[in-house]
Amino acid sequence: MRLLALALAGCVGGYVVSNELPPPPETTDPEPPPGVGVEVVVPAAFDPLYGALPILILAKADAEVTIRVAQDGIELWSTSLATSPFDVYWDGKSTAGAWAHGGRVEILVTASADGETSDASAETFVVRAAFTEARLVDDDGATSLRVPLYWAADQELQSEAEPISVLADVDDGVLPLDFPAVDLASLVLRPDAAEPAAYRSGDQPILELVPAEVSPALGPTAIGEVEVYVEASGWINLSGGGLSADEPVVFMREEGLPSTLGVTAEDVVLTFWVPAPDVGEVVIAEQRLPLRFYRLLDESQFEAPAERYEPWVAVVDPALTAIEGTTADADAALDALVDFVYLDLGLEYDTVAGASVYSTYQTGFFDGPHFYLSDFLARKDGDVINCSDAANILGAYANMVGVRLDHLIIEPGFDLNYIQAIGYTVFTSCPFGPGGCAFSYHAVTTYTSAFQIWDATLALDGDADPGALPNVELLVQSIDSSEYLDRLVRDGNTGYGHQAQETLE
């Protein structure tokens with residue numbers, strides 16, 4: 001006996017949660033009818049692409065039994081049995097090997113013994129139990145809030161109204177088909193079939209599935225002509241009741257997504273079943289739906305309203321993969337992103353001129369930092385960067401995973417204590433050679449009222465004397481703003497200014 005899908009009574013986020021699933025029937029060991037009587041037992045429906053139809057005949061052990069299957073008054077298949085047991089299976093095809101079409105079929109049985117004959121019949125439905133579209137939605141933040149993702153190369157933003165996964169055909173004429181895997185072959189080009197989705201960490205996503213109406217093998221799927229139910233592994237069925245061809249089925253994830261930042265990939269098993277007399281519930285089909293969730297701290301924190309300021313797939317996928325399991329806290333997220341940018345992206349500081357290659361400012365006074373993010377992701381100008389680039393990289397990644405981060409300038413110029421520049425393994429106080437022991441300015445990041453600095457350009461000397469050897473690596477993660485200047489600046493009257501969010505293209 002299979003367990004029924006969990007159903008709750010009440011309302012969740014505007015979706016009515018029903019409890020319409022039938023109670024499990026009581027089971028008994030079937031016995032043949034008296035005399036030459038005959039009975040036939042079949043499930044209410046079956047999907048021939050998943051498995052053959054079991055036909056149970058109850059008759060005298062010494063009877064001769066003939067079984068015929070007919071559809072629309074035309075006999076499709078028949079067989080005869082001379083001895084018990086009289087259990088047989090029909091594969092859903094005619095004697096000529098053609099599939100029956102979706103819809104009602106009759107099972108006609110004749111039993112003969114001791115010169116007497118008895119007839120019985122039953123009906124079942126040929127169905128193709130499958131979904132063709134999957135949508136991931138939310139309930140305006142009550143239990144979940146979906147954050148749209150941006151495909152940079154196509155300049156397209158996801159919409160909840162669009163499917164997250166599409167199956168053009170539910171079978172290939174022979175075999176049932178699962179939903180395609182989430183396509184991440186390119187993180188910048190929008191895939192045709194299956195996309196990832198973004199939610200806040202801890203959210204319970206809501207899934208809407210659209211039943212198939214047509215099958216290449218069977219024609220009409222016959223969903224809705226007979227009661228077929230569905231369960232999803234790890235998800236609660238909010239719709240209840242049988243499937244209908246014109247109504248989506250709504251599920252909510254049984255548990256919230258992990259309450260940390262990262263990526264959740266799961267393979268949802270969709271199980272279709274029907275009630276069957278005397279034997280309980282019979283599974284008639286399965287279908288798999290791969291999903292990929294990005295667990296953000298919050299919505300994009302960029303203040304600009306344009307679509308390109310929503311999270312880019314090419315940004316959040318590698319970033320959240322790298323910081324998987326990070327506590328859903330702003331400072332912890334920024335610390336982890338410094339690690340990611342400084343250690344994992346293969347970037348190197350420009351020790352020749354300290355010039356930016358992916359960043360500009362709107363004026364010569366460092367106002368209006370602008371980041372060529374598309375060019376950076378494609379590494380159009382290589383892997384060598386400066387502090388403006390590093391600050392914009394960190395700012396873009398942070399704001400897109402839901403952590404507010406601003407560009408911040410330190411000026412005027414100053415001499416340096418010992419630093420370890422990004423991409424290097426040694427400390428120096430003269431990164432530009434013997435005559436280059438100073439910065440003309442320096443870009444870092446912070447957020448309003450943080451009084452803390454995050455910097456992916458360099459590591460500080462973390463020992464008691466940052467102006468002398470030996471050196472101890474200290475990544476710039478949640479460093480007090482005053483301490484940061486004390487460790488970075490050897491000599492110079494410097495201060496912070498020009499705090500602003502970057503703009504993007």
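This table checks each residue for (1) outside any loop (DSSP other than H, G, I, E, B); (2) in the same structural domain as A153 (by TED's automatic domain parsing); (3) on the phi > 0 side of the Ramachandran plot; (4) of a type outside the set (D, E, K, R).
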position	(1), (2), (3), (4)
D339	yes, no, no, no
Y342	yes, no, no, yes
T351	no, no, no, yes
V357	no, no, no, yes
S374	yes, no, no, yes
L377	yes, no, no, yes
G382	no, no, yes, yes
S388	yes, no, no, yes
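The sole residue among A398, A450 that is crowded, with 22+ Cβ neighbours inside 10 Å, closer than 22 Å to A328 by Cα and within 36 Å of the chain's Cα centre (by Cα) is A398. Taken together, A421, A438, A443 contain a single residue that is in contact with a Pro (Cβ under 6 Å, 6 or more places away or on another chain), surrounded by 15 or more Cβ atoms within 10 Å (Cβ to Cβ) and in contact (Cβ under 8 Å) with a residue 24 or more places away in the chain, which is A421.
Quick test for you: out of A185, A181, A194, pick the one residue that is closer than 28 Å to S259 by Cα, touching a Ser or Thr at 6+ places or on another chain (Cβ under 9 Å) and of a type in the set (G, A, S). The unique qualifying residue is A194. When V170, V188, V174 are screened for being touching a helix residue (DSSP H, G or I) at 6+ places or on another chain (Cβ under 9 Å) and among the β-branched types (V, I, T), only V188 passes. From the list V170, V182, which one is modelled with pLDDT of 95 or more, over 16 Å from the mean Cα position of the chain (by Cα), among the β-branched types (V, I, T) and outside the structural domain of F376 (by TED's automatic domain parsing)? Only one candidate passes the filter, namely V170.
The values are calculated or read from the model by the stated rules, or taken from the named source; none is laboratory data. On a predicted model such as this, the values are computed, not experimentally measured, just so you know. Methodologically, a virtual Cβ is constructed for each residue, glycine included, from the backbone with ideal geometry; neighbour enumeration extends over all protein chains shown.
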